[in-house]
1. Relative to the longest principal axis of the chain, what angle (0 to 90°, nearest 10) does the C-alpha long axis of helix 71-82 take?
2. Pop a pseudo-label 7 angstrom from the Cα along the beta-carbon direction at both residue 314 and residue 342 and give the gap in nm to one decimal.
3. What does the charge count around residue 300 come to, taking other residues whose C-beta lies under 10 Å from its C-beta (Lys +1, Arg +1, Asp -1, Glu -1)?
4. Can you give the extra length, in nm with one decimal, that the chain gains between residue 30 and residue 178 once fully stretched, where that is 0.36 nm per residue apart less the Cα-Cα distance?
5. Per 10 Å bin from zero, what fraction in whole % of the C-alpha pairs of the stretch 26-258 is there, up to the bin with the longest pair?
6. Which angle between 0 and 90 degrees, to the nearest 10, do you get for helix 315-324 versus the longest principal axis of the chain when only C-alpha atoms count?
7. Pulled fully out, how much extra length does the chain show between residue 307 and residue 365, if you take 0.36 nm times their separation in residues and subtract their Cα-Cα distance?
8. So what is the relative contact order for the stretch 26-258, in percent, with contacts set as C-alpha pairs under 8 Å and at least six apart?
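Coordinate-derived values only; no laboratory data. In this text, all values refer to a predicted model and were calculated from it rather than measured experimentally. Virtual Cβ from ideal backbone geometry, glycine too; neighbours counted across all protein chains shown.
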Amino acid sequence: MADKLAAEGGAPVRQKPFPGRPKFNLADAHHLIEALEQGTLFFPIAKKVFDFQRRFADMYGVRYAVASTSGTAAIHVALGAINPEPGSEVITTPVSDLGTVAPILLQNCVPIFADVQLDTFNLDPADVEAKITERTAAIIVVHCWGQPADMDEIMDIARRHELPVIEDCAQAHLTRYKGRLVGTIGELGAFSLQDSKHLQCGDGGVTITDNQEYGERAELFVDKGCDWTEDRKYRVRYAFLAPCYRMTELQGAVLCAQLDRLEEIVKRRQELGDMLVRLLQGVPGVHPPARRPDREHSYWSFPLRIDEEVLGVTPARFGELLVAEGIPAGGAWLGKPLYMFEALAEQITYGSSHCPFTCPWYKGDPVQYYEGMCPNAELGFRQLLCIWFHEGWTEREVEDTAAAVHKVASALTG
Ligand SMILES: Cc1ncc(COP(=O)(O)O)c(C=O)c1O
């Protein structure tokens, strides 16, 4: 007989609280003091952000790494480097943060959503290809949850249609696809350095590329299109319209410290996450992330899909039962595909204009986002339950989580 659930008065699987994520140590403080001792926190005339950019570029084996204020900014910088014509279409996934899509609209382009694969939440290459038109200017791929998308297939499509690819690596830092780091496979890679990410400084972003034209434009785009003299004392010109996304030395200092720990953080998440996947095989009605054999998974979070038909409860209820067992479950990331949020569904953009959807530069049929547009993305979100996972866990936390999932599932299925 199944053990009595903690929610019904049974003993919880886990008695002790889970450890918090260990984010900072004295190395961060040391770099911050060095930053303050420079007498300025303005990166163009200081060192920390430049050090971070150089080290990040070296780590990825590319010529350019351009730091900015957020992951959203990093994607905007990447798109600004490509410089699509207004009214172009950019194909991307609806399973992401709005930070993947806002830059498309900010560049006066129209987001076109392709569906995802249900078992990984990553873009379905066939649907990406089906969405290409003569107006398509770029593809933005998200490596969802930390597992790389099908990059060979996507790059093949992109090359055949001569389209640049931006990899949104916000959730997939230092993660390899067939031995290559994601972020270096497409023309540009963009990373969020926000608090929850593998590499973080509270808020920040970085864009990488090995392409000289894109790299030089990215460096200008992050700073209002501004070119400086060699000694960075004077502004030379404003080359084109661009926002100001300069990172400060405070973020740069923390990143210099965090970068030393990144490899270890990612490795630990990979080990613990893969262990949890193994321990959750064969639980009725519970689908751990599908693992593709040719790529790593760095587990920004740990998504479960809960099959209500098998278990007789919603993912939210399953999460409550896990929480009663002492497991940090719940809070399904976002809850629905991006196009179902009002900003996109109702095309709430500049004033009352609905631009760029209604702009004269847009030559396609009117774009409408509707429920049912990407069925896998919608079903995936309906089934989603996140386990908030991090590198501060030990094998013990993984075992307890697996034991609780087994216990709840077997109590529900009798
Ligand atoms: C896949 C993805 N892209 C973009 C972003 C935006 O990053 P930021 O919040 O740093 O702007 C996020 C943030 O979580 C994300 O998960």
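1. On a 0 to 90 degree scale, this one is about 40.
2. Between residue 314 and residue 342, the simple spin-label model gives 2.1 nm.
3. Local charge sum for residue 300: +2.
4. Answer, rounded to one decimal: 49.6 nm.
5. Result returned by the calculation: 8, 34, 35, 17, 5, 0.
6. The helix 315-324 is inclined about 70 degrees to the chain.
7. That pair, residue 307 and residue 365, stretches by 17.2 nm at full extension.
8. This gives 27 percent for the stretch 26-258.
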